[in-house]
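Report on the following structure.
Please treat every number below as a calculation from the coordinates, not as lab data. These numbers come from a predicted model, not from an experiment. Neighbour counts are summed over all protein chains in view; Cβ atoms, including those assigned to glycine, are modelled from backbone coordinates with ideal geometry.
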There are 2 protein chains.
Amino acid sequence: MRAEGIRALTFDTFGTVVDWRSSIIDDFFAFGKSKGLDIDWAAFVDDWKTAYQPGMDAVRTGKWPWTTVDGIYRIKLDELLPKYGLERLNESERMHLNRVWHRLNPWPDAVAGLTRLKRKYVISPLSNGDVSCLANMAKHGGLPWDVILCAEIFRHYKPDPEVYLGAIQLLGCKPHEVMMVAAHNYDLRAARSHGMRTAFVARPTEYGPGQKTDLKAEEDWDIVARDFSELATALGA
Amino acid sequence: MRAEGIRALTFDTFGTVVDWRSSIIDDFFAFGKSKGLDIDWAAFVDDWKTAYQPGMDAVRTGKWPWTTVDGIYRIKLDELLPKYGLERLNESERMHLNRVWHRLNPWPDAVAGLTRLKRKYVISPLSNGDVSCLANMAKHGGLPWDVILCAEIFRHYKPDPEVYLGAIQLLGCKPHEVMMVAAHNYDLRAARSHGMRTAFVARPTEYGPGQKTDLKAEEDWDIVARDFSELATALGA
């Protein structure tokens, strides 16, 4: 097995561990219902999500100072509300909506798989999300992380090298002792370029029913697993 | 209660959560026995521990580049071995000894108290130890941290302000929403100066039977508890 000698596993989180899209749609639907609002929340969420890449790019190129993902989404939320007739939402409602990223639900196999893997490895997110978001999400969903590593600690977003190299260093490991687990090929490509091991777990409905990207492993990753249960088995956990 | 509105608790770890001195003496005694060595391990450990403050000071003043606590202790270990007739220990034995800080045992009340507190608060170490040390120690002793925050993340040692302010920021809290828990008055003094809440838990045998410092709360900390069980009760957990 190409995964021998591994001591720690780092997980992409949004999409790989938690089902952000369905979670947000369900959460906002319940919010809308409680307020008597009739909104196409799926469209809203897909619109909202478009802020992610440009926001990180603005940070990466120095156009923006360091801005957390919570901050990036908040800017976009405020922009988006009028388009959906929601400009009257007050600050406390906006904060509640923006914190939905702290309330995401794990994919059905995630907690059981992580719990098995934790017995044998140090497990950590390696996410572009913020520390408090990942900590609150772990409490919400029962994710048994040993450590929380993410962009906010390194003030760089994946796939910047600083994130992977920073995680390897803080874990006290050599690159080949850490395995990156992700549902996104770009993330594994970056991890492999720094000497990390790689595991791909497809999440073909992360972006909804019409998803066209990351439907399968695009390289010979060290492990390709259907879910975290198969991953745990492949890693002898 | 002066602790109202608290969302997260940060814990000094060496001395407050784990009994480093007894743990190391026991660990080294077992190591010595397996090698047929007759050493005064208590004296060895007390000697070794003297490296801590000067090592951090060397980093703080810029005399040394950033050096982890594992690194500080390793330098001192290599210096100290000849004094105890242990200069023949090889690299793997030295690494084993130096990693004893990853194998420390919690005080008897720590795990049960943290487990109660975790249900209501985000709990994290805020230690001068390294991320991998704290993660391995948590696995070794069953410490149920939500997050691991420490000097290595901020590249500053307590009581530098960067550590407390950095933790407050990464926890996504306001200063008064975070409570520092420590067996050391200096740590609480620094935390309070940045607006954090404070809880003192005395550990009168941390430094062995002759301990003369930190035997009691030296200021009117928000909570003074005998152990983590009393702390959890005081915090309604």
**OP:** Tell me which of these B:Ala183 doesn't satisfy, since it passes every other one: (1) in contact with a helix residue (DSSP H, G or I) (Cβ under 9 Å, 6 or more places away or on another chain); (2) crowded, with 17+ Cβ neighbours inside 10 Å.
**Re:** (1)
Original post:
Within the set of pairs 6+ apart or on separate chains, which have a first residue in region B:170-185 that is among the charged types (D, E, K, R), a second that is surrounded by fewer than 21 Cβ atoms within 10 Å (Cβ to Cβ), and C-beta atoms under 7 Å apart?
Top reply: B:Glu177/B:Gly5; B:Glu177/B:Arg7
**OP:** Being touching a residue at least 40 places away in the same chain (Cβ under 8 Å), within 13 Å of chain A (Cβ to nearest Cβ) and in contact with a strand residue (DSSP E or B) (Cβ under 7 Å, 6 or more places away or on another chain) narrows it down to one of B:Val131, B:Val147, B:Val122, so name that one.
**Re:** B:Val122
Subject >> All positions within region B:66-85 that are more than 19 Å from B:Asp47 (Cβ to Cβ) and either outside any loop (DSSP other than H, G, I, E, B) or away from chain A (no Cβ under 14 Å) (or both) >> reply: none
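Just need a number here: residues in region B:217-237 that are in a loop (DSSP other than H, G, I, E, B) and either among the aliphatic types (A, V, I, L, M) or farther than 15 Å from B:Ile123 by Cβ (or both). Spell out the reasoning first.
Of the residues in region B:217-237, the ones in a loop (DSSP other than H, G, I, E, B) are B:217-222, B:226-227, B:235-237.
With either among the aliphatic types (A, V, I, L, M) or farther than 15 Å from B:Ile123 by Cβ (or both) added as a condition, the list becomes B:217-222, B:226-227, B:235, B:237.
Residues flagged as in a loop (DSSP other than H, G, I, E, B) and either among the aliphatic types (A, V, I, L, M) or farther than 15 Å from B:Ile123 by Cβ (or both) within region B:217-237 amount to 10.
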Subject >> Close pairs from region A:17-41: first under 30 Å from A:Ala202 (Cβ atoms), partner assigned to a helix (DSSP H, G or I) and of a type in the set (Gly, Ala, Ser), Cβ under 6 Å, at least 6 apart >> reply: A:Val17/A:Ala110; A:Ile25/A:Ala42
**OP:** Considering every residue within region B:40-50, establish whether at least one is under 30 Å from B:Phe228 (Cβ atoms), in contact with a Phe, Trp or Tyr (Cβ under 6 Å, 6 or more places away or on another chain) and assigned to a helix (DSSP H, G or I).
**Re:** yes
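Here are some residues: A:Pro65, A:Pro82, A:Pro54. Which one is surrounded by fewer than 16 Cβ atoms within 10 Å (Cβ to Cβ) and under 30 Å from A:Ala202 (Cβ atoms)?
On the way: A:Pro65 fails: under 30 Å from A:Ala202 (Cβ atoms); A:Pro82 fails: under 30 Å from A:Ala202 (Cβ atoms).
Every option except A:Pro54 fails the conditions.
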Original post:
Checking B:Lys139 against (1) touching a residue at least 12 places away in the same chain (Cβ under 8 Å); (2) under 18 Å from the mean Cα position of the chain (by Cα), which test does it fail?
Top reply: (1)
Subject >> Residues that are more than 23 Å from B:Ala110 (Cβ to Cβ) and more than 12 Å from chain A (Cβ to nearest Cβ), drawn from region B:155-173 >> reply: B:His156, B:Asp160, B:Pro161, B:Glu162, B:Leu165
